[in-house]
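Report on the following structure.
The values are calculated or read from the model by the stated rules, or taken from the named source; none is laboratory data. Given the structure is predicted, the values throughout are model-derived calculations rather than measurements. A quick note on method: Cβ atoms are made from the backbone with ideal geometry, for glycine too, and the neighbour counts reach across all protein chains shown. The protein model used for the area step is the full one, side chains on, heavy atoms only, and it has no ligands, DNA or RNA in it. Shrake-Rupley method; radii C 1.70, N 1.55, O 1.52, S 1.80 Å.
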Amino acid sequence: MRDKSSLDKLKKGEKAVIVDLNSNEIPPKFYEMGFLPGTEIEVKHIAPLNGPICLNIIASNSLIAIRKSEAKVIIIDPK
Amino acid sequence: MNNPIIALLGNPNVGKTSLFNRITKLNQKVGNYPGITVEKREGSLTANNKTYKIIDLPGTYTLFPSSLDEEVVFNTLVDQNNKLKPNLIVVVGEPSNLKRSIILYQQARELGLPAIFVINMIDEATTKGIHIDISKLESLLKTRIFQTNARTGVGIDKLISAFDSIPPIYIGNFDIPEQHALALAEAKKLFPLESEYNTWQYLAKGNIEFFSKETNDKLENIRGKHKITPQILQKEESIQRNKNLEQSLSSIISKDSGLKSITNAIDKILLHPILGYIIFFGVLFLIFQGIYNWSGPAMDFIDMQFGDLAAYVQSVLPAGPLPDLLSNGIIKGIGGIVIFVPQIVILYIFISLMEETGYMSRVVFLMDRWLRPFGLNGKSVIPLISGVACAVPAVMSARNIENSKERLVTMLVTPFMTCSARLPIYIVIIGLVIPESTFLGFNIQGIILFALYILGILAALGSAWLLNKIIKTKHKSFLIFELPTYKFPDWKNLLLNVWDKSSSFVFGAGKIILAISVILWALGSFGPGDKFKNAEEIVTQNNPTLSEEDLSHEISSYKVEHSYLGYLGMVIEPIVEPLGYDWKMGIGLISSFAAREVFVGTMATVYSIGDDADIEDDASKRTILSKMRAEVNKNTGLPAYNLASGVSLLLFYAFAMQCMSTIAIVKKETASWKWTLIQTGFMTGLAYIAALIAYQTLK
């Protein structure tokens, strides 16, 4: 079994499947916009110096940007 | 009978506003929701032998709100007493993201609202290789589904003909999780008449605006007792709904994979870690150039028209206070508002273009990192950039920031950005006190002007940093937003947006500018005692050799000195003396409280140059400059405008909140006198201290 990691560790171009959102503080907007367990994502862009990251939610082919601090609590299974 | 109300509900970027424009045939108006300043677009439509009221709700992803815009949607749909509670909801989705729209639709239906479903931008289904089985989707959603393309008008008539339809009974497929049954049962006692899902929503939502504090407290007690938070409940609902839909939709929607989007290719350049910033600053540079260079002729034209009109009114009406009020108070006041319209129009063309094409959210992505240390949000970049033209529309554009603290801080610091009204003052004062020489091949006056712009940015960021330390917040800061695919702008949307923004400036801020300019006119046109009344005789007696024109300028200068405004200037002289100003400059400070650019005009009057002096006209600029250069400060015996007092004035205008319209819009947007006064006090205090230090060290 591969190690679980968090979304902020991914490099540009890497894909992963979301396992869980490890926070009760995350606003529901994250779920509504597609960050749900089982969702496959790909890192498309990373802004320099720890800036936001832009993810492609593959199933809906949408681009969503979030901050590193929120990416930290999103647990993923890297591909 | 009231008109049936039809509300358009949908995610951002699904073409909802274009659809609204089509349905209402541009027969619409923009206002604000009662009590708050979220834009409300409302229109009417006559069809099916009746008149409908159409409401374009703000774009939202969910009925669990996290921004002011989303809050409005929830309140409109759920509050039984809301006057705009719709008779039918039209949920708008687009082919590539149907699932999100369907969840919104299901939430609305389970709250007991009748709804139909529209798939807009249907042409994109073909280009993106998406196949949707409409009849299967209709039976899943238990309503009729319409396919439209709002840009071309396809499908609109069919949709309108269904505005009276009553969708069949809807039974939700969201099962309230069993572990919350007890909590729900307790909450249901508070709302015996409501459906189970309604009660669940109340429990899952947190503070509900239209409930009394008592009811909200009771709900909070239930949550506390059962150790649940709105976040937990909302998360459970989202996950369950998505899971349910995933299964049902797999046989309804299919996609050809492997279609490469052009968006990807453009983003590789525009979001590039280095190139992306270079392009963004290039775009900013273009906007500045546009605002300054292209607006010139239009502004001159407006200026001339109002000048001519004032002169015409003066020539046809007999001399007296009322015609004078009309020409010098009202016409010039309105002219002072309208003259900014070209700049606002150009700015908003750029901003709307950036929004319509999808570039604006890329800017948010690029800038978030740089604004975060100051307690701002990537989305703050929009107000800050707009603030360079005018703080009034800029403060308004802070509305889409979710976090209430970041929104407040953004609105409070935006007026520090160097707005176009500061420019005339900067040009005059720099021309007076900074030598016209070069340094390392650069024009020093130009360098100083540039430095003043940088100073504005530093003041905005610095005070944001400070406010961020002071203001406490309950809500954690977060950032999540979609980067839409690039699109060609819908020109009709763009023009409407520009029209809305410029007209709300003219009619909103304009009222206040007009009021102030009338008050200033009155203070400057009347004075106590004989000196004001007999100004003409006194001046003529003392200056028997003057030409007629110089004499009339001398008279108006003498009148200002002995008007209420003049005495006011003398009253505040002790306060402004430490900054290096005399009473004449004090009058300028007072009158420019209405709007900064008034300073130059007032100075022209006080120094008897004639108040029609135009700083953009070279000849009259030379006159005003030479008069001001020759002016001696009676307190110090030195030239009134020397390096020390000039720098002091520049700093004062860089920081001070000398703008009634901004104060008015901040009050409106923050809905708080407290923050408005703190902002005005802070800015004026900072301006005073900076000007004081500058004068005392340089004199």
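Counting only other chains, what is the mean number of Cβ atoms within 10 angstrom of the Cβ of each residue in peptide A:57-64? Intermediate results must be reported in sequence, preceding the final value.
Values: counts 2, 1, 4, 6, 10, 8, 14, 4.
Taking all residues of A:57-64 together, the mean is 6.
Direction-averaged shadow area of the convex hull around the Cα atoms of the range B:1-159, nm²?
Values: hull surface 37.4 nm².
Averaging across all directions leaves 9.4 nm² for the Cα convex hull.
Mean projection of the alpha-carbon convex hull of the range B:397-556 over all orientations, in nm²? All intermediate terms of the calculation are to be shown ahead of the outcome.
Numbers: hull surface 76.2 nm².
Mean projected area of the Cα convex hull: 19.0 nm².
Compute the Rg to Rh ratio over the range B:209-363 from the alpha carbon atoms, using the Kirkwood formula for Rh, and round to two decimal places. Provide the component values of the computation, followed by the final result.
Values: Rg = 29.2 Å, Rh = 22.9 Å.
The Rg/Rh ratio comes out at 1.28.
Project the alpha carbons of the range B:628-699 onto their principal axes and report the range along each, largest first, in whole Å.
47, 23, 17
Ignoring ligands, DNA and RNA, what percent of the 1.4 Å accessible area of chain B is carbon and sulfur? Can you show the working numbers first?
Numbers: 19210 of 30910 Å².
Looking at chain B in its full context, I get 62 percent from C and S.
Mind checking the per residue accessible area of chain A for me, 1.4 Å probe, whole number of Å²?
Value returned for chain A: 41 Å² of accessible area per residue.
Where does each of B:219-230, B:514-525 land if you order them by average Cβ count within 10 Å, highest first? Walk me through the numbers on the way to the answer.
On the way: B:219-230: 15.3, B:514-525: 18.8.
Most protected by this proxy first, the peptides run B:514-525, B:219-230.
Would you tell me the mean number of C-beta atoms belonging to other protein chains that fall within 10 Å of each C-beta in B:407-416, as a whole number? All intermediate terms of the calculation are to be shown ahead of the outcome.
Values: counts 0, 0, 0, 0, 0, 0, 0, 0, 0, 0.
The mean count of partner-chain Cβ atoms within 10 Å per residue comes to 0.
Once you have the Cα-Cα distance between residue B:44 and residue B:577, take 0.36 nm times their residue separation minus that, and quote the gain in nm to one decimal. Mind showing how you got there, number by number?
Details: separation 533, 0.36 × 533 = 191.88 nm, distance 5.89 nm.
In short, 186.0 nm is gained.
Checking an interface number: how much accessible area is buried between B and A, summed over both chains, with a 1.4 Å probe, in Å² rounded to 100? Intermediate results must be reported in sequence, preceding the final value.
Details: alone 32580 and 5060 Å², together 34170 Å².
Adding both sides of the contact gives about 3500 Å².
Dividing the alpha-carbon radius of gyration of the protein assembly as shown by 2.2 N^0.38 Å (N being the number of residues), what value is obtained?
That ratio works out to 1.09.
Provide, as a two-decimal number, the C-alpha radius of gyration of the range B:320-377 over 2.2 N^0.38 Å, N being how many residues it has. Walk me through the intermediate numbers first.
Values: Rg = 20.2 Å, N = 58, 2.2 N^0.38 = 10.3 Å.
Computed over Cα atoms of the range B:320-377, the ratio equals 1.97.
Under 1.5 on a/c is rounded, so check that first for the range B:168-229, then, if it is not, pick prolate when a/b is larger than b/c and oblate when it is not; a ≥ b ≥ c are the square roots of the alpha carbon gyration tensor eigenvalues.
Working: a/c = 2.03, a/b = 1.35, b/c = 1.51.
Note, shape of the range B:168-229 comes out oblate.
Using Cα centres only, tell me the gap between the range B:460-497 and the range B:224-252 in whole Å.
Rounded to whole Å, the Cα centres lie 28 Å apart.
Could you work out the helix-only [θ] at 222 nm for chain B, with each DSSP H run of four or more residues adding -39,500 (n - 2.57) and the total divided by the number of residues, to the nearest 500 deg cm²/dmol?
On the way: 35 runs with 403 residues, N = 699.
The helix contribution divided over chain B gives -17500 deg cm²/dmol.
Which whole number gives the average count of other chain Cβ atoms within 10 Å of the Cβ atoms across peptide A:42-52? Could the numbers behind the result be given before it?
Values: counts 0, 0, 5, 11, 2, 11, 8, 3, 2, 9, 11.
The mean count of partner-chain Cβ atoms within 10 Å per residue comes to 6.
Using the reciprocal of the averaged 1/r over all distinct C-alpha pairs, how large is the Kirkwood radius of chain A in Å? Kindly include the intermediate steps, with their values, before the conclusion.
Values: mean 1/r = 0.0814 Å⁻¹.
Final number for the Kirkwood radius of chain A is 12.3 Å.
Provide the percentage of antiparallel DSSP beta bridges, counting only those with both residues in chain B; round to the nearest 5.
Working: 20 of 37 bridges.
Close to 55 percent.
Determine one quarter of the surface area of the Cα convex hull of the range B:351-422, which equals its mean projected area, and express it in nm² to one decimal. Kindly include the intermediate steps, with their values, before the conclusion.
Numbers: hull surface 18.1 nm².
Over all viewing directions, the range B:351-422 projects a mean Cα-hull area of 4.5 nm².
Mean Kyte-Doolittle of at least 0.5 and a Cα length of 24 Å or more along the axis: which whole DSSP H helices of chain B meet both?
On the way: long enough: B:230-249 (28 Å, -1.33); B:295-316 (31 Å, 0.40); B:444-470 (38 Å, 1.80); B:673-698 (37 Å, 0.83).
Both cut-offs are met by B:444-470, B:673-698.
Starting at 0 and stepping by 20 Å, how many percent of the alpha carbon pairs of chain B end up in each bin?
Taking every Cα pair in chain B, the percentages come to 15, 43, 28, 13, 1.
Within the range B:358-400, find all residues whose amide N lies under 17 Å from a label point positioned 7 Å from the Cα of residue B:672 along Cα-to-beta-carbon.
From the range B:358-400, the list is B:375-377, B:395-396, B:398-400.
Averaged per residue, what accessible area in Å² does the range B:288-435 show with a 1.4 Å probe, protein chains only? Don't skip to the answer; put the middle values down first.
Details: 4730 Å² over 148 residues.
Result: 32 Å² of accessible area for each residue.
Using a loss threshold of 30 Å², tell me which positions in the range B:347-369 are less accessible in the complex than in their chain alone. Probe radius 1.4 Å, ligands and nucleic acids ignored.
SASA drop of 30 Å² or more in the range B:347-369: B:365, B:369.
For the range B:280-327 and the range B:680-699, compute the distance between their C-alpha centroids and round to whole Å.
Value for the Cα centre distance between the two parts: 32 Å.
Viscosity 1.567 mPa s, temperature 4 °C: what is the translational diffusion coefficient of the range B:285-359 from Stokes-Einstein with a Kirkwood Rh over Cα pairs, rounded to a whole number of µm²/s? Each step should come with its number before you reach the end.
Values: Rh = 14.1 Å.
Result for D is 92 µm²/s.
I'd like the per residue volume of the convex hull spanned by the Cα atoms of the range B:115-165, given in cubic angstrom. Before the final figure, lay out the partial values.
Working: hull volume 3.7 nm³, N = 51.
Residue-normalised Cα hull volume stands at 72 Å³.
Taking residue B:85 as the anchor, which aspartates and glutamates have their alpha carbon closer than 19 Å to its alpha carbon, excluding any fewer than eight residues away along the same chain?
B:39, B:42, B:56, B:69, B:70, B:71, B:110, B:164, B:194, B:209
Could you give P(r) for the range B:177-265, binned at 5 Å from zero, as whole percent values over all Cα-Cα pairs?
With 5 Å bins starting at 0, P(r) equals 2, 12, 20, 18, 11, 9, 7, 6, 7, 6, 3, 0.
Over all alpha-carbon pairs in the range B:39-128, figure out the percentage whose distance exceeds 21 Å. Could the numbers behind the result be given before it?
Working: 1412 of 4005 pairs.
Value for the range B:39-128 (Cα pairs over 21 Å): 35 percent.
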